[in-house]
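The values are calculated or read from the model by the stated rules, or taken from the named source; none is laboratory data. Please read these numbers as outputs of a predicted model, since none were measured by experiment. Every residue, glycine among them, receives a Cβ derived from its backbone with ideal geometry; neighbour counts consider all protein chains shown. We work out accessible area using only protein heavy atoms, side chains counted, and drop any ligands, DNA or RNA first. Shrake-Rupley method; radii C 1.70, N 1.55, O 1.52, S 1.80 Å.
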Amino acid sequence: MKFTLSWLKDHIDTDASVAEIARTLNAIGLEVEGVEDPAERLAGFRIAKVLTADRHPDADKLQVLSVDAGDGRPLQVVCGAPNARAGLVGVLGLPGTVVPANGMVLKVAAVRGVESNGMMCSSRELELGDDHAGIIELPADAPVGTAYADYVGSDPVFDISVTPNRPDCMGVNGIARDLIAVKLGMPPLNAPGGKVIAGDFPFPMKIAVEPDSGCHIFWGRVIRGVKNGSSPQWLQDRLKAVGLRPISALVDVTNFFSLDQARPLHVYDMAKLSGPVVARRGREGEGFRALNDKEYTVTPDDCVIADDARVLGLGGVMGGERSGVTEATTDVLLECAWFDPEWIGATGRRHGISSDARARFERGIDPMQLSVVIETAAQMILELCGGEASEPRIAGKFPDGGYPETPKIVPYRTEMALKLGGVEIERQEQRNILGRLGFIAEDSIEAEVWNIIVPTWRPDVDGWADLVEEVIRIHGLDKVASVPLPRADGVAKPTATPAQKLERRLRRAAAARGSHEAVTWSFLPEADANAFSDGNGGLWTLSNPISEDMKAMRPSLLPGLLGAAKRNLDRGAAGLRLFEIGRRYLRGEGGSSDERLSLAVVLAGEKQARGWAAGKAASFDAFDAKAEALALLAEAGAPVDNLQVAGEAGPQFHPGQSATLRLGPKNVLARFGMLHPALLRQFDIDAPVAVAELFLDAMPGKKGSTTFARSSYAPPALQAVTRDFAFLVPADLPAGDLVRVVRGADKANIVSARLFDDFRGAGVPEGQKSLAVEVTLQPREKAYTTPDLYAIAISIQDAAEKIGAFLRA
């Protein structure tokens, strides 16, 4: 929300400086994003008079001017403006001055061989308008030699950030009301306001509001015989100062009241209307061209303003081009309506329209200011454009049980300011603050509970806590003392949950293994999300996404990491190791939301760069992904020795280079492997990519615990013993199956088992292979005897024989 200092002073009589106003606005919760003084950009420009104007000797379109800049020494300036002539008073930029429009620093330079000492400036070059056909022409009595900034005066522009709960501050009058409440000034004696205009003729047309249309009130007034030309300079200057382009007097008036009173208005050219004007729901197949030159197709969920022939615009969002006013307009319908905020917000989002009208209507405008604003606007139109006004006409009605029938009343106890806000404020001061903000207390000051009537411009106030906030912010948030929270004696108790501790531990472990953490969006393009949905009940999609590329909630962390990998590979990265810990979002039974904690690792490109010792560059493979998955599962406390390696990693993976890690036949703790080439083409990645995805929510906890937890390490008192066993097994038997049964043959003594040899050759029967396993035994209470070791060896042989493995002779 932008406004100028002079505009603000229309609503508040104050001598406060710009810095004090900005400081006060910040203190009462209206954050000032910036204050800009346009006069500062005009430093170095002077009012100058052209003494002579002669043709340039080497250029037909250039003139050589002799310019009086007020110091008694004429300056030679080369100028190409067609209106440059002797006697003209304009604006001269001296050498060393910065041109606001392009940042160019003026200097003494030769133009076609003729020295030029500066530049005569146009409005566009000084960012004072769009005119650049000629240089600025000032009145003949303008003081030559005076700084142009001093001549035009200083009118700083404030830019404040208005929170969604403060629709009243979308208008300058609302901002001034807050400043008056904090005693920074008083209401001016000549404050703008609506005075009733007597109608010169009956309302000449029919207007109507259909029930359940999204429009409550349509207040209209016809003004005929207007002359729609340029608006006066003061109005154009105000609109340009806040970033709006002046269009015509009629349109500029509506824009003025949108900013001044937070009340959007609209004008229709009566000659372009056919039959009655109605606020109703849109109909299938209807559309219109809006004022932004775009075509829109309306829906039955939109509130439209229409006549018998066509849709005139989206109510409260944007008007249509066909009914807009032009210089030829003579009769207009002035509309001042009240729309349902939810309808306006939904319509704007549905069509992707962001307009000043929508920004105000969807926050909630003051329904009780309809008459004041339309009367004031009609008066301004009559003053600027002439003509005569009709009697007013009102269509629609206020909602039952609402304003003005039943005002909103909130009970309030003054002690709540201390209890909730931490500041003790006298009862009379609280009453005065609320009064200055427009709140009315029905009860006497001695009453225990005050029934506070909420003003119609504050739809955000619903309860006593909102009133406490109003009292505290005007009294002074800086007066709220900083008080530490109470702290129990002794050592502070841990606050991290088991899940948070697990995340921290895994994050450190993944980083220690050389991976870089990535934080990607929880939203994806639908195509990327569908590639990883695996048919799990469908995707969660947003009805109002920021963009189509952020429409679906991620069913896996891998798409986001693949996008990050692609961006880095495209920028020259040879190899990447990325990981992320976060939630994936699935549809549960009955369409419920199901969030699950996961960890994903992406290994892309080169694992090892080429070199004289290593030779060619080596890429990541499925075993690298498996190593990451096992290491991180072990860090999470999963029983990795008991995991089974199985297939069915998913359609995203290469079928021959991927697998899952399971605890039992159904509980999948992780999947790993190389991604399918078709998926890599979908993500436009040329390098081979190995990935691992850990489903941390699938890990069962130990009995009496919510997760696997490691006990403190205590080294055994006795030295471990190792024994090697070589088995003949069928060639198609997975080595992992043999290692697992050997490890489980005697859980009391065998602490680990690992494969160290896979031999197929001389001495090994055809259709078989020789697998050698190193078994580590750990004695507990006493050292092993020979019979003890023999018994353990027999148990290992018996376990191996059950899967077809026999001790090699």
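Observations on the model:
- Simple spin-label estimate for ASP798 and ARG55 in nanometres, 7 Å along Cα-Cβ: 12.0
- Semi-axes of the equivalent ellipsoid for the range 291-422, Cα gyration tensor, largest first, Å: 33, 22, 15
- With a simple spin-label model that places each label point 7 Å from the Cα along the Cα-to-Cβ direction, the separation between LYS666 and GLU321 comes to 6.2 nm.
- Using the alpha-carbon positions of the chain, Rg (one decimal) and Dmax (whole number) come out as 39.3, 123 Å.
- Whole-percent P(r), the range 284-339, all Cα pairs, 5 Å bins from 0: 4, 17, 30, 25, 16, 5, 2.
- Spin-label zone in the range 74-88 - amide nitrogen under 18 Å from a point set 7 Å from the Cα of ARG124 along the C-beta vector: 79-84
- Between the amide H of SER752 and those of THR776, distances stay under 5 Å, these residues lying 5 or more places away or on another chain, with hydrogens modeled in the peptide plane.
- Of interest is the spacing of the C-alpha centroids, which for the range 5-25 and the range 783-803 amounts to 92 Å.
- Accessible area of the chain belonging to carbon and sulfur atoms, whole % at 1.4 Å probe: 51
- Contour excess over end-to-end distance, with Cα ends at ASP150 and GLN719 and 0.36 nm allotted per residue: 195.6 nm
- Pairs from LYS2/LYS397; LYS272/LYS397; LYS2/LYS107; LYS493/LYS666; LYS206/LYS240; LYS666/LYS747 whose Cα-Cα separation, in the structure shown, is over 29 Å: LYS2/LYS397; LYS2/LYS107; LYS493/LYS666; LYS206/LYS240
- Net charge contributed by nearby residues that have their C-beta within less than 14 Å of VAL226 (K/R +1, D/E -1): -4
- When TRP338, TRP612 are compared by accessible area at a 1.4 angstrom probe, the order from most to least is TRP612, TRP338.
- Among LEU273, ALA395, THR297 the positive-end extreme of the charge dipole of the range 267-395 (Cβ point charges): THR297
- Taking the longest Cα principal axis of the chain as reference, the axis of helix 18-27 is set at about 40 degrees.
- Potential lengthening between ALA19 and PHE759 on full extension [0.36 nm per residue; Cα-Cα distance subtracted]: 258.0 nm
- Summed over the residues of the range 658-809 and divided among them, the accessible surface reaches 56 Å² per residue at a probe radius of 1.4 Å.
- Nearby aspartates and glutamates by direct alpha-carbon distance to LYS802 (threshold 12 angstrom, same-chain neighbours under 8 apart not counted): ASP737
- Rounded to 10°, Cα long-axis angle of helix 427-436 versus longest principal axis of the chain: 70
- Cα centroid separation - the range 609-626 against the range 52-75, whole Å: 74
- For the pair ASP293 and SER593, a Förster radius of 35 Å applied to the C-beta separation gives a FRET efficiency near 0.30, rounded to the nearest 0.05.
- For the pair ARG504 and ALA613, label points projected 7 Å from Cα toward Cβ lie 3.8 nm apart.
- Sites GLU415 and SER230, calculated FRET efficiency, Cβ-Cβ separation with R0 45 Å, nearest 0.05: 0.20
- Sites ASP549 and THR786 - FRET efficiency at Förster radius 60 Å, r taken between beta-carbons, to 0.05: 0.30
- Counted residue by residue at 0.36 nm each, then reduced by the alpha carbon distance between them, the extension gain from LEU477 to ALA109 reaches 126.8 nm.
- Cα centroid separation - the range 509-551 against the range 129-182, whole Å: 46
- Put a plus charge on the Cβ of each Lys and Arg, a minus charge on the Cβ of each Asp and Glu, and nothing anywhere else: the dipole of the chain about its Cα centre is then about 3020 debye.
- Accessible area expressed per residue, the range 1-93, with surrounding protein chains retained (probe 1.4 Å, Å²): 47
- In terms of the mean number of neighbouring beta-carbon atoms within 10 Å, the peptides 776-787, 499-510, 376-387 order highest first as 376-387, 499-510, 776-787.
- Spin-label zone in the range 437-453 - amide nitrogen under 17 Å from a point set 7 Å from the Cα of THR406 along the C-beta vector: 452-453
- Interchain or long-range residues, amide H under 5 Å from ALA48's placed H: GLY90, VAL91, LEU92, GLY145
- Taking the C-alpha atoms only, the angle from helix 558-570 to the longest principal axis of the chain is near 80 degrees.
- Residues of type aspartates and glutamates that LYS551 reaches as a straight line, Cα spacing below 12 Å, ignoring anything fewer than 8 places off in the same chain: GLU526, ASP528
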